[in-house]
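Trainee: Below: one structure in structure tokens.
The values are calculated or read from the model by the stated rules, or taken from the named source; none is laboratory data. Predicted model only: the values in this text are computed from it and were never measured. Reconstructed Cβ throughout: ideal geometry from the backbone, glycine too, with neighbour counts over all protein chains shown.
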Amino acid sequence: MKKLVNAAVVSASLLSPAYLLLIVNTGTAIPVAAGQFASIGLPGVCLRRPFSIHDADGAVLSFLIKIVGGGTRRLAKLKPGDTLSIMYPLGNGFMLSEKPAVLVGGGCGLAPLLLLAKQLQAAGARPLAVLGGRSKDDIVELGALAKYAAVRVATEDGSLGARGLVTAELNDLKSGAAVYACGPEAMLKALHKLAAEKNFHLQLSLEALMACGVGACLGCVTDTLKDGRVCVCSAGPVFNAEDLPW
């Protein structure tokens, strides 16, 4: 069930020079599956923007947003009590498995993993979260995530955790694990290849340019093996790796 609501801003705080934590109160509690997203109407911007739901606690939603342009900079200037038009929850989220869980996030791909870790813990699991970024400025919300998961970090410049790509931290992964991932396409494709080699189940949250968020504009079409060409926003954004022709 999705709703269009006018949400009140609770806070908008910078976690690092490039990352914003936006917290809003929608006034209504709607169940959210980790991996689902919201379409937000930005102040002074015509087109709505999609953002992964970082956390959901009743009517309170959190969004972890990378500041990349004018629209997201506007969000960073919001004050408590400001209102935003939000449609949520949209898309299909991660399907929880009873297999040992590993969460992989690259850069702003961390966004859906906090809620996922919470939902896995509520189901009785203690997942491992492996996070990667170019530098320590890309690794945020570690304290929040560590409440629900064991955390491993890699940065390309070595400024935090191991030096190198996040995928290198998965070389010791056992077959039969359930891996949930979100991040840049290059990282997801590397994981797709690794899943075939190491025989683990992989779910991928794809990033795409979504205008409408409901599959009407056909702006985020991708190819799948199972269903042909589909809209990422409505058929995904989470897909089983074996359904993607990579």
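Trainee: VAL10 - would you say it is at pLDDT 95 or above, within 12 Å of the chain's Cα centre (by Cα), among the hydrophobic types (A, V, I, L, M, F, W, C) and not in a loop (DSSP other than H, G, I, E, B)?
Mentor: Values: at pLDDT 95 or above: yes; within 12 Å of the chain's Cα centre (by Cα): no; among the hydrophobic types (A, V, I, L, M, F, W, C): yes; not in a loop (DSSP other than H, G, I, E, B): yes.
No, not satisfied.
Trainee: List the number of the failed condition for TYR88; all other conditions in (1) surrounded by 19 or more Cβ atoms within 10 Å (Cβ to Cβ); (2) in contact with a Gly (Cβ under 7 Å, 6 or more places away or on another chain); (3) among the hydroxyl-bearing types (Ser, Thr, Tyr) hold.
Mentor: With (1) surrounded by 19 or more Cβ atoms within 10 Å (Cβ to Cβ); (2) in contact with a Gly (Cβ under 7 Å, 6 or more places away or on another chain); (3) among the hydroxyl-bearing types (Ser, Thr, Tyr) applied to TYR88, the lone miss is (2).
Trainee: Residues in the range 52-62 that are part of a loop (DSSP other than H, G, I, E, B) and within 16 Å of the chain's Cα centre (by Cα): how many?
Mentor: 2
Trainee: State which residue is nearest to the chain's Cα centre (by Cα) when the search covers only the range 196-229 and only residues that are in a strand (DSSP E or B) and without any contact (Cβ under 8 Å) to a residue 12 or more places away in the chain.
Mentor: For the range 196-229, the residue satisfying everything is VAL221.
Trainee: Can we say ALA177 is free of Cβ contacts under 8 Å to residues at least 24 places away in the same chain and either more than 24 Å from SER62 (Cβ to Cβ) or of a type in the set (S, T, N, Q) (or both)?
Mentor: No.
Trainee: I need the full set of residues from the range 50-70 which are out of contact with any Ser or Thr (no Cβ under 6 Å at 6 or more places or on another chain) and either of a type in the set (Val, Ile, Thr) or without any contact (Cβ under 8 Å) to a residue 24 or more places away in the chain (or both), in order please.
Mentor: ILE53, ASP57, VAL60, ILE67, VAL68, GLY69
Trainee: Is the range 90-104 home to any residue that is within 23 Å of SER13 (Cα to Cα) and either assigned by TED's automatic domain parsing to the domain that holds LEU188 or among the aliphatic types (A, V, I, L, M) (or both)?
Mentor: No, the range 90-104 has no match at all.
Trainee: Quick check on my filter: what residues within the range 210-226 are surrounded by fewer than 19 Cβ atoms within 10 Å (Cβ to Cβ) and either in contact with a helix residue (DSSP H, G or I) (Cβ under 8 Å, 6 or more places away or on another chain) or more than 20 Å from LYS2 (Cα to Cα) (or both)?
Mentor: VAL214, GLY215, GLY219, VAL221, THR222, ASP223, THR224, LEU225, LYS226
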